[in-house]
1. With respect to SER239, is the statement that it is surrounded by fewer than 20 Cβ atoms within 10 Å (Cβ to Cβ) and either part of a helix (DSSP H, G or I) or within 18 Å of the chain's Cα centre (by Cα) (or both) true?
2. Read through the list (1) without any contact (Cβ under 8 Å) to a residue 60 or more places away in the chain; (2) within 17 Å of ARG138 (Cα to Cα), then give the number of the only condition that SER177 fails.
3. Pull out all pairs, ordered by first then second residue, where Cβ-Cβ is under 8 Å, the residues are six or more apart or on different chains, the first lies in the stretch 86-104 and is in a helix (DSSP H, G or I), and the second is of a type in the set (Lys, Arg).
4. In the stretch 110-130, what residues are within 19 Å of the chain's Cα centre (by Cα) and crowded, with 18+ Cβ neighbours inside 10 Å?
5. Return the residues of the stretch 270-279 that are touching a residue at least 24 places away in the same chain (Cβ under 8 Å) and loosely packed, with under 15 Cβ neighbours inside 10 Å; say none if nothing qualifies.
6. Just the residues that are over 22 Å from ASN260 (Cα atoms) and out of contact with any Phe, Trp or Tyr (no Cβ under 9 Å at 6 or more places or on another chain), please, taken from the stretch 135-174.
7. For SER289, are the conditions met, namely being of a type outside the set (Lys, Arg) and farther than 30 Å from LEU96 by Cα?
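Where a number appears in this text, it was derived from the coordinates with a stated rule and is not lab data. Everything numeric here is computed off the predicted structure, so don't read it as measured data. Methodologically, a virtual Cβ is constructed for each residue, glycine included, from the backbone with ideal geometry; neighbour enumeration extends over all protein chains shown.
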Amino acid sequence: MNEYIDTFWRSTTGYFDWFVGQLTLRTSDGLWGNYFYLLIILSIIFFGLELVKPWRKDQPKFRNDFWLDCFYMFFNFFLFSIVAFAGMTQIGVQLLTDFLGLFGIENLVAIEVGGLPAWLQLVLLFVIKDFIEWLIHRLLHWSPWLWEFHKVHHSVKQMGFAAHLRFHWMENVVYKSLEYIPLALIGFSLTDFFLAHAVAIAIGHWNHANFNMNIGPLKYIINNPAMHIWHHAKELPDSRKYGVNFGLSLSIWDYLFGTNYIPSTGRDIELGFPEDDKFPKNFIDQNLSGFAAKK
């Protein structure tokens, strides 16, 4: 037990030191590899695009819950890890390692890609990780229990870039837990996936932004606002009751597996979910939601 407590403490304090290094630019890479300032820069860019060329022109510049979603961005990206998640993650990894050790398994790697060029490793990581997250996203809609947590993300009533990272803290736990083993089975040797993360954050911000542009045939590969707006539609046909357009960065998975749905422009559709008027409006109650007993 003391070993796990020590692991939690070292991971938490280590993450805190890393975060302070990001804030003060003490990290060896400076701005390159700096997730904190990346998030700020991308947010400013997309907020500027929303101001200059809004897709929904009648939507307020500072839309409903703008500041709440800004707080969600930094909470889910950084603060939750400082509070608990960094330590919880390492304990989970240690427990899995100890469990596999009982069967003599010391290495999960089944496919070694370390010999591939760095750029190809990044592409593979991006594509494979996005597909795994597409599957997990579908699970969040299919499972009644997980849907209760995912409702936080779908409680957005006016779309904007910051809505990208409005989600229940349990989603961090679900995504990281379910994607760890399949990614560990592939022996990615790169330690710095900054570029892949930067692209994913940028696409995610754009998916949710009040800004749209025609990308032609690329819409069948890259997720975009015209597609993702329907994922947040309050009303969907009964045949699509478990949701549509689950892609995070890539739309290709929805077209390949028939979960794509864009019946019209979708620009002004109502967002949310049935009876969302009863859903909590503040951060604390939203993040306690999902645990309450069903009446």
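1. Yes, satisfied.
2. Of the numbered conditions (1) without any contact (Cβ under 8 Å) to a residue 60 or more places away in the chain; (2) within 17 Å of ARG138 (Cα to Cα), the odd one out for SER177 is (1).
3. Close Cβ pairs (under 8 Å, with a partner that is of a type in the set (Lys, Arg)) amount to THR89/LYS176; GLN90/ARG10.
4. Result: LEU122, LEU125, PHE126, LYS129, ASP130.
5. Listed by number, the residues that qualify are GLU270, PRO274.
6. Residue satisfying the conditions is TRP145 alone.
7. no
Rundown of residues vs (1) closer than 22 Å to PHE283 by Cβ; (2) surrounded by 18 or more Cβ atoms within 10 Å (Cβ to Cβ); (3) more than 18 Å from the chain's Cα centre (by Cα), yes/no style:
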{"position": "SER43", "(1), (2), (3)": "yes, yes, no"}
{"position": "LEU49", "(1), (2), (3)": "no, yes, yes"}
{"position": "ASN64", "(1), (2), (3)": "yes, no, yes"}
{"position": "MET73", "(1), (2), (3)": "yes, yes, no"}
